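As structure tokens, the structure follows; a few thoughts come after it.
The values are calculated or read from the model by the stated rules, or taken from the named source; none is laboratory data. Predicted model, so just to flag it, every value in this text is computed and none were measured. Don't worry about glycine lacking a Cβ; one is built from the backbone with ideal geometry, like all the others, and counts go over all protein chains shown. Please note that ligands, DNA and RNA were not included when accessible areas were found on the heavy atoms of the full protein model with its side chains. Shrake-Rupley method; radii C 1.70, N 1.55, O 1.52, S 1.80 Å.
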Amino acid sequence: MTDRKTFSATGTAPLTRRTALKGLAAAGGLITAPGFVRYAQAQSSAPIRIGFQCHRTGIGASYGRWYERTTAAAVKLINEAGGINGRPVEIVIEDDGTDAGRGAEVVAKLANQHKVDIVYGTLFSHVVIGSAPTAEELKIPYYVVSEGYHVASGQLNRWCLQPGITDVRAQVTSVAPWIAANAGKKVTMIYPDYAFGYDHRDYLPPALQQAGAEVVAKIAIPPTETSFTKYFPQIPSSTDVLYHVMVGPAVLTFVKELGEFYGANGPQLFGFIDSLEAVDLNSPGLDYLDGSHFWEGFARYAQPTDTDAQKAYRAAVGIDDNGASVNDPRDVSTAGHMFGCWETLYVIKQAMEACNYQGPQDRAKLVEATEAITTIAEGPEHPQGDKVFDGKIHQVFGHQYISKMEGGRLNVVHKTSIEDGRYEPEADYTTQPL
């Protein structure tokens, strides 16, 4: 089912315009006029239509729900500030079911039936990989919010870009030295048996080795698995650190069974928040994780060091200090990832304005304008932090956060530098024709 509308307050918190404007003004003046912003003169008054390939159903549904809310909040503010090139932004949603085959069909439907200008918003790596050839065939820019290394690796094509969230290779490269120095030297990896997990499998070991540690075992688990006890005997007794990246509805079972297997004598735990996105950390059984550490892209819990921009962003997307919906404390966000939607939309806005985008005839110019972006400043449009964009590999690099689970909440204990995650590019999309 398609939801065709210009986002206003749909899916966002019951936030007054005055509150949002005050918060963003304090963060750096993104909104300059309080209400009733008129659209500037433009060659066309028709909306810029962004096709949102959304995981409304399937294994990614919890992400899709919060990606949709974050998108709504960002578009609301973009439109209140005058839109893009003087035109309002309209989001057209199609559910891909978090399915690779359906994802390709969604890209084609958005382009051919709904006549969108670009496609945006995809998270799960197998859906991105399955959809990318269709984007290339139709010559439509495809802005993903996925994390997978598939964009930066050169596996995809020039029409695919990831300018709003870092990739797994950069993430694991950034955190590996901290793991080796603070958690242990012998690491066993547990990861999902598909492309996202393979990025962890392939890039954590060399990063740990460089930091003086090693991976002693790699255990791949099907994403549809519902019980995990049978895998735990594969963990070597020499393991100092259990590195876990589990995704899906069975994660609570994973933690519960892990606690039953080890009791109080298990190795140190280091996980990616992907394992617990949209999950209440005070759920029964998760107390086993107390004292362990997690990677986060954006802190779920409000921190004492939060900037004005981060506070305004949290208010705009409707999450409280615990990272849950302001309307329902049981509705926990996917805060570690969904900021990428907000930041990607503002990169799209920046690139469209740089190339004076007017319509589909300017799609190639839009890709080139995005490739020309280099540095991204922290602020209301990019609350997660400053970043560097590499136009050759269509990938952004930024800061990562390591948080400790204490008393049922996550407290940030380390912030990496951008350089901590940089690596030598293996591709150059700019050599491909558009």
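Which one is farthest from residue 224 (Cα to Cα) among residues in the range 179-191 that are in contact with a helix residue (DSSP H, G or I) (Cβ under 9 Å, 6 or more places away or on another chain) and not small (Gly, Ala, Ser)?
In the first step, residues of the range 179-191 are kept if they are in contact with a helix residue (DSSP H, G or I) (Cβ under 9 Å, 6 or more places away or on another chain); the result is 179-180, 185, 187-191.
Still in the running and not small (Gly, Ala, Ser): 179, 185, 187-191.
On the way: 179: 28, 185: 30, 187: 24, 188: 21, 189: 18, 190: 14, 191: 12 Å.
Only one residue tops the list, namely 185.
Just to verify a result, which residue in the range 356-385, among those that are β-branched (Val, Ile, Thr) and surrounded by 22 or more Cβ atoms within 10 Å (Cβ to Cβ), is nearest to residue 312 (Cα to Cα)?
Kept after step one, since they are β-branched (Val, Ile, Thr), are these residues of the range 356-385: 367, 370, 373-376.
Now restrict to residues that are surrounded by 22 or more Cβ atoms within 10 Å (Cβ to Cβ): 367, 370, 376.
On the way: 367: 30, 370: 26, 376: 18 Å.
That would be 376.
Within the range 297-336, being more than 13 Å from residue 409 (Cα to Cα) and part of a strand (DSSP E or B) holds for 319, 325, 328, 329, 330, 331.
Taking residue 274, is it touching a helix residue (DSSP H, G or I) at 6+ places or on another chain (Cβ under 9 Å), closer than 21 Å to residue 403 by Cβ and assigned to a loop (DSSP other than H, G, I, E, B)? Here the answer is no, as residue 274 does not meet what is asked.
Within the range 70-93, being open to solvent by 10 Å² or more (accessible area, probe 1.4 Å) and within 23 Å of the chain's Cα centre (by Cα) holds for 76, 79, 90. Just one residue in the set 417, 403 is under 21 Å from the mean Cα position of the chain (by Cα), open to solvent by 20 Å² or more (accessible area, probe 1.4 Å), at pLDDT 95 or above and over 25 Å from residue 77 (Cβ atoms); that residue is 417. Hey, does the range 342-349 have a residue that's open to solvent by 10 Å² or more (accessible area, probe 1.4 Å) and outside any helix (DSSP H, G or I)? Within the range 342-349 (the criterion being open to solvent by 10 Å² or more (accessible area, probe 1.4 Å) and outside any helix (DSSP H, G or I)), the answer is no, since none of the residues qualifies.
Since residue 23 meets every condition but one in (1) of a type outside the set (Val, Ile, Thr); (2) open to solvent by 10 Å² or more (accessible area, probe 1.4 Å); (3) modelled with pLDDT of 50 or more; (4) outside any strand (DSSP E or B), which condition does it not meet? Against the list (1) of a type outside the set (Val, Ile, Thr); (2) open to solvent by 10 Å² or more (accessible area, probe 1.4 Å); (3) modelled with pLDDT of 50 or more; (4) outside any strand (DSSP E or B), residue 23 comes up short only on (3).
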